[in-house]
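See below for the structure under consideration.
The values are calculated or read from the model by the stated rules, or taken from the named source; none is laboratory data. For clarity, every value in this text was computed on a predicted model and none was experimentally measured. Cβ placement follows ideal geometry from the backbone for every residue including glycine, while neighbour counts extend to all protein chains displayed. Keep in mind that these areas ignore ligands, DNA and RNA; they rest on the heavy atoms of the full protein, side chains included. Shrake-Rupley method; radii C 1.70, N 1.55, O 1.52, S 1.80 Å.
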Amino acid sequence: MNDVSVHFEGVSKIYPHFTLDDLSLELPTGTIMGLIGANGAGKSTTIRILMGLVHQDRGLVHVLGREMPREQAAAKLDIGFVSEDMRLYGSATLAWHMNFVRSIYPQWDQPYAETLLRRFDLKPRQKIKGLSHGQRVKAALLLALARRPRLLVLDEPTTGLDPVARQEVLGELMAVLADEDRTILFSSHNTLDVEQISDQITFIDRGRIIASDNKEVFLDRWRRLRLVLSPEADLPSLPGVVEIGGSGRLPVLVTNRFDPAMVSACNDAGATVQAVDPMTLEEIFVVNVHSRREKQTV
Amino acid sequence: MHSDLVISQTDGRPMYLQIMEQIRQRIAVGDWEQGKEIPSIRQLAVSLRVSVITVKRAYMELERDGIIVTQQGKGSIVASDPKLGAKLYDQELDKHIDRVAQLGELLGLTPKELASRVREASDRLTKEYS
Amino acid sequence: MNYAMVKRLILKDWYLQRWAILASLAGVVATLGIIATGGKVAFLLGLILLITVIIAIGAQMAVSTIVTERKEQTLPFVMSLPISYREYTASKIWGNLLIFLVPWLTMVLGSFGLLLLSPSSRGLLPYAAIMSTEILLSTCLILALALITESQGWTVAAIMAGNLAVNGIGYVVAHIPGIAKGMWGSTIQWSGAASAVLLAEFTTIALLLGLTFFVQAKKNDFL
């Protein structure tokens, strides 16, 4: 058994108007990684390279121990893939799709597929073209989940789903993780989903990874500090300051290396710490993107 | 295994803290008995729909506090410390006292004034029960 | 090459196209019926209809199994299966050609039979063989362009070019002296020119298919 399910090393892909630049990342088996990025940041390209559908210009990609794209056929036998731009055949029924996929994957789990049909409230005799958007997404997920893949790769799985369907989908993803040999990589611009269920989080912007870490580390180290400076005091220099806002004597700092000792250090320097706010993943992501972009333009 | 823990998205505190607090409560009131097995990290993560790493963190901190014991490969049990209930209430008390101290500072009370207010409260309670 | 997978993909396309396939076969049988009535007008009309139906089948299959699959975004679903570009390409080429061969062979055997039955038209047989092969060639051209360019525009262009080629080559071949000489006779006069044209057609078909596999193998991006 491999300890690492997905391994990217120095992966680049150059398009006329977009470059994926020197991407390296590692996804340990048994974890969920959330890939967060704005539209056009490179999430889909990354996932397509992972699946062997797009060939990298440089760098090494290994998925479940297989070299991509060369061994994609073998790797895909153990991957369940659903992407936002994936459609099923409109003129065929869900039951036909299930039989088709079942004929290909020896590990297809029919009782589980039937459980999912009920749980997702899907009718197998219905033609795909008669389904709503949410039902189509759930149908595609069913086909991916019931193969019992070792790796699930989901490009924007919850986009356009209503809240009930979203929770159903997230619940099924978590249920997959009950088996610690299974791994999930999913991309989303909904940071709430990612924050809820991910172990590892990777921020991607303009074709580069700008941060990749375990979620608790993100949530622990990022803080917004609201200070009150005494008239004669200068802004104390703190480690890991990513953004300075606020005004004059009421500065607001964002740091990515927060430590409780910081508070007393500030107080000693004549800056009273009014509040230490934890930040949501969305706030962390936005500040991160802004500060990187500013550095790039300087 | 179904757990009856509830994670709130609007609760400002991190999810791992919410999990810790609810487990503490369940142990304090005796719902989860000493020496008994509690859900595994993965089981709890799946039933709460939160990431494994979040539950793992809550369990690690609970273990550091001596509230649960995790055995490699065997899952976790509630620590069989006879004074555990008392200890948990003690921790709870500490938290409230911290809050009292904060509010006192906000109102500009001296520690002495604060102490006398606590004594008054205590006296009131004794009278009610006598 | 995973042949079991190629077979599944072919059967999948046939299942999804089953009504179109059945309809076109019915069309072929109907036009052969018109030809079989024996009148000269019916013969010409039937022949034109037959050629039109056959070309339409090839074009329709290429468009709906290749171009539409991309346009309607069912391609990512296919490519999520344990296959590489080679299996995908092989399934499209063989799946389309095999389906096409059914009406095509029906047309070849049917028209050869009719030509042989009436003594006055036997001399047309070499010409008919060349033109049948040219229709097969046109279909391969459409298939190759649909796969290589993945674009609807180019595929439509290929359909038009294939259609024009049938007419153009039909005219040119009919005026090659060796072939033209015995065309309206009552005996089959197989000429060196006819063999050369047939050989050229089959070579072109082989080259087209080989080139398609080659270009597909060089492609880096699927989606």
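Restricting attention to region C:14-120, which chymotrypsin sites (Phe, Trp or Tyr not before Pro) occupy a DSSP loop and are surrounded by at most 14 other Cβ atoms within 10 Å?
Nothing satisfies the criteria.
Do any residues of region A:32-79 show a loss of at least 20 square angstrom of accessible area between the isolated chain and the full protein assembly, using a 1.4 Å probe, and if so which?
A:48, A:53, A:54, A:55, A:72, A:73, A:76
May I ask for the longest run of chain A untouched by GluC sites (Glu not before Pro) that are loop-located per DSSP and have at most 15 neighbouring C-beta atoms (other than their own) within 10 Å?
Result for the longest clean stretch: A:1-179.
Explain nothing, just the number: relative contact order of chain A, from Cα pairs under 8 Å at least 6 residues apart, as a whole percent.
Taking the mean separation of contacting Cα pairs over the length of chain A, I get 20 percent.
Taking the Cβ of residue C:73 as the centre, find all other residues whose Cβ is under 10 Å away and add up their charges (Lys, Arg: +1; Asp, Glu: -1).
-1
Put +1 on the Cβ of each Lys and Arg and -1 on the Cβ of each Asp and Glu in chain A; which of A:53, A:174, A:103 then has its Cα farthest toward the positive end of the dipole?
Of the options given, the answer is A:103.
With contacts defined as alpha carbon pairs under 8 Å and 6 or more residues apart, what's the relative contact order of region B:15-78 in percent?
It rounds to 41 percent for region B:15-78.
Shape call for region C:137-177 from the C-alpha gyration tensor, a ≥ b ≥ c root eigenvalues: rounded (a/c under 1.5), prolate (a/b greater than b/c) or oblate?
prolate
What aspartates and glutamates could a cross-link reach from residue A:129, if we take a straight Cα to Cα line under 12 Å and drop same-chain neighbours fewer than 8 places away?
In chain and number order, the partners are C:72.
What shape does region A:129-212 take by its C-alpha gyration tensor, where a ≥ b ≥ c are the square roots of the eigenvalues and a/c under 1.5 counts as rounded, a/b above b/c as prolate, and the rest as oblate?
oblate
Under the definition of partner shielding as Cβ atoms of other protein chains within 10 Å of a residue Cβ, what is the mean value for peptide C:69-76?
Rounded to a whole number, the mean comes out at 4.
Scan chain B and report its longest stretch carrying no trypsin sites (Lys or Arg not before Pro) that are both in a DSSP loop and have at most 15 other Cβ atoms within 10 Å.
B:84-130
Once you've got the GNM for chain A with C-alpha springs shorter than 10 Å, pick whichever of A:237, A:24, A:44 has the biggest mean-square fluctuation.
Most flexible of the set in this elastic network: A:237.
Taking a cut-off of 26 Å between Cα atoms, list the lysines near residue B:95, but don't count ones fewer than 8 places away on the same chain.
B:56, B:83, B:87, B:112, B:127
Once you've got the GNM for chain A with C-alpha springs shorter than 10 Å, pick whichever of A:23, A:64, A:253 has the biggest mean-square fluctuation.
In the Gaussian network model the winner is A:253.
Please give me, ordered by residue number, the GluC sites (Glu not before Pro) of region C:16-100 that lie in loop per DSSP and have at most 11 other Cβ atoms within 10 Å.
Filter output for region C:16-100: empty list.
Pick from A:242, A:176, A:61: which is most flexible by mean-square fluctuation in a GNM of chain A where alpha carbon atoms under 10 Å apart are linked?
Judging by the Gaussian network model, the answer is A:242.
Kindly write out, for region A:118-123 in residue order, the coupling ³J(HN,Hα) from the Karplus curve 6.51 cos²θ - 1.76 cosθ + 1.60 (θ = phi - 60°), rounded to whole Hz, with x marking Gly and Pro.
Ordered by residue, 3J(HN,Hα) equals 5, 5, 8, 6, 10, 9 Hz.
For a test of the definition: using alpha carbon positions, the gyration tensor, and the 1.5 limit on a/c, classify region B:84-129 as rounded, prolate or oblate.
Oblate, since a/c reaches 1.5 and b/c is not below a/b.
Over region C:1-154, what is the relative contact order in whole percent, taking alpha-carbon pairs under 8 Å and six or more residues apart?
33
Could you give the radius of gyration (one decimal) and Dmax (whole number) of the Cα atoms in the protein assembly as shown, in Å?
In Å, with Rg to one decimal and Dmax whole: 35.3, 131.
Taking each residue of B:44-57 in turn, how many C-beta atoms of other protein chains fall within 10 Å of its C-beta, and what is the average?
Partner-chain Cβ atoms within 10 Å, mean over residues of B:44-57: 6.
Excluding residues on the same chain fewer than 8 positions from residue C:219, give the lysines whose Cα lies under 23 Å from its Cα.
Correct list for residue C:219: A:13, A:43, A:76, C:7, C:71, C:92.
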